[in-house]
Amino acid sequence: MKKFIQTLKNIWTIDELKSKILVTLGLVLVYRFGTHIVLPGIDPNLLDVSKSQAANNGLLGLFDTFAGGAFSQASIMALGIMPYISASIFMQLMTILVPQLQKVQKEGDSGRKKINQWTRYLTVIVTAFQAGAYVAYLNGPGYVEAIIPAFKPYFWLSTVVTLSAGTLFVMWLGEKIQDKGLGNGTSIIIMVGILARFPQALIQEFAAKQAKGGGGLLIFLIEIAIFIAIVMGIIILVQGVRKIPVNYAKQIVGNRQFGGARQFLPMKVNSAGVMPIIFAQAIMFLPTLFSFTNTESGQGIAKVFGDHSNFWYMLVYSVMVIAFTFLYTALIFNPKQMAEDLKRNNGFIPGVKPGQPTADYIGAVMDKITLPGAIFLALVGILPGFAQRLGVTSSFSTFFGGTSLLIMVGVILDTLQQIETQLLMRQYDGLMNSGRIQGRQMSTASSI
């Protein structure tokens, strides 16, 4: 404990690190303040009954989680950072699939600036479409009563403009946290939105167990222990790597020797991050569109795919997560390029010939470690459904796995790694006695 306190003092003595922490906290507070400002034309006193309707409504519940509850509160930041995330994912996939965009990306800083600028333009378009859909959602049962009658003629236009401005402001906050704060600005904003719901979910679960009496408190403590065990398992999934030994040939230039070092090529067990879960959730939400029809079959499909604790939902969901894990890993992972880079730098894997054999070997290793990673990722995705079936409240069950917990663990590890790096650069001890924190280096799109 004494060493931990000394580490906190060391953090505060580094002016640059202290400034980054304060800037990050200040911008996060601004974001959280904005999520509680209700849209113009809506009476906040009439929202109490309808706020809970989006929390457990398929993909809308996912939006509400990422927006920190702003979606269900009809806030000016109801769309949050999700339009920017959607645009970033699209641009990331296009840079992989379109050769012209690959060339732009390889231009260095200028290429990245061009892609970032195109992503911002695409964000405006996505935001406008989502804002229009959100206005239609607010005109549905539960929210339409809260709209002030005198404001209805202007409600559509004002809401679309306000929501677009709110999303762009959140995007700006994320970029400022990236530049002036601790980094991973978009990821930190999403994490804060998720964490904001955790205390309330914990209190609701405790109250539900207390109401049962008897062994309710013991059951609650068991749930907390299981939750901690799941968090530890996700840390292993996030940080798990398979190290491939790589040797570099010796080179003698004049009187100096270069190379000859033995290093490792780290292969992540879960290279796809949370992307397979997000893709699977988006696809699983499509069948619920049948609920807008009045057919019996449509209502039956919506009932199955709208219930996260349904057996068939969890089975199909698991298969889709595993499939998307292999697909997305194949898109972002290029063993041939890695083999060429090794050959160019005079590196080789012991016992494997350079060139195509090296690419085949790296690809085979990646396939072997992707399968258990995909299975574990699918298990993490369906854990909230199992928790709900076992009697955990719906709000607290979402923290037993899925996208929320993966993002929370990943972003916290990244943030700790940033602080750890600053401490080690200045000859201070790190945050952990057992060694350095092995976080992830996330791109904007893969951070969610």
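The values are calculated or read from the model by the stated rules, or taken from the named source; none is laboratory data. Remember, it's a predicted structure, so these values are computed and weren't measured experimentally. Neighbour counts are summed over all protein chains in view; Cβ atoms, including those assigned to glycine, are modelled from backbone coordinates with ideal geometry.
A compact table of results
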quantity	calculated
Flag if Phe90 is within 23 Å of Val30 (Cβ to Cβ), outside the structural domain of Ala330 (by TED's automatic domain parsing) and touching a Leu at 6+ places or on another chain (Cβ under 8 Å)	no
Segment 360-376 - residue that is of a type in the set (A, V, I, L, M, F, W, C) and without any contact (Cβ under 8 Å) to a residue 60 or more places away in the chain and, of those, nearest to Tyr317 (Cα to Cα)	Ile375
Residue among Ser164, Ser187 that is hydroxyl-bearing (Ser, Thr, Tyr), assigned to a helix (DSSP H, G or I) and modelled with pLDDT of 90 or more	Ser164
Residue that is polar (S, T, N, Q), farther than 25 Å from Thr24 by Cα and not assigned by TED's automatic domain parsing to the domain that holds Val28, where the choices are Gln239, Gln210	Gln210
Number of positions in segment 139-161 that are assigned to a helix (DSSP H, G or I) and in contact (Cβ under 8 Å) with a residue 60 or more places away in the chain	8
Extreme residue, nearest to the chain's Cα centre (by Cα), among residues of segment 389-401 that are buried (at least 20 other Cβ atoms within 10 Å of the Cβ) and more than 16 Å from Asp64 (Cβ to Cβ)	Gly401
All positions within segment 167-184 that are of a type outside the set (S, T, N, Q), in a helix (DSSP H, G or I) and within 15 Å of Gly26 (Cα to Cα)	Phe169, Val170, Trp172, Leu173, Gly174, Glu175, Lys176, Ile177, Asp179, Lys180
Every residue from segment 210-227 that is aliphatic (A, V, I, L, M) and farther than 13 Å from Phe400 by Cβ	Ala211, Leu217, Leu218, Ile219, Leu221
Count of residues meeting criterion [touching a Pro at 6+ places or on another chain (Cβ under 6 Å) and either charged (D, E, K, R) or part of a helix (DSSP H, G or I) (or both)] in segment 378-418	4
Neighbours by Cβ (under 9 Å, 6+ apart or cross-chain): first from segment 17-32, among the small types (Gly, Ala, Ser); second part of a helix (DSSP H, G or I)	Ser19/Lys180
Any helices (runs of 4 or more DSSP H) falling wholly within segment 1-95 and containing at least 2 residues that are at pLDDT 80 or above, in contact with a helix residue (DSSP H, G or I) (Cβ under 9 Å, 6 or more places away or on another chain) and exposed (fewer than 15 other Cβ atoms within 10 Å of the Cβ)	15-34
Flag if Gly298 is farther than 27 Å from Phe90 by Cβ, at pLDDT below 80 and touching a helix residue (DSSP H, G or I) at 6+ places or on another chain (Cβ under 6 Å)	yes
Residue match in segment 338-348 (condition: closer than 30 Å to Leu195 by Cα and either without any contact (Cβ under 8 Å) to a residue 40 or more places away in the chain or in a helix (DSSP H, G or I) (or both))	no
Selection status of Ser110, part of a helix (DSSP H, G or I), at pLDDT 80 or above, closer than 22 Å to Met191 by Cα and in the same structural domain as Leu138 (by TED's automatic domain parsing)	no
Residue within segment 260-276 that is surrounded by 12 or more Cβ atoms within 10 Å (Cβ to Cβ), in the same structural domain as Thr370 (by TED's automatic domain parsing) and at pLDDT below 75 present	yes
So Leu315, is it over 25 Å from Ile96 (Cβ atoms), modelled with pLDDT of 60 or more and surrounded by fewer than 16 Cβ atoms within 10 Å (Cβ to Cβ)	yes
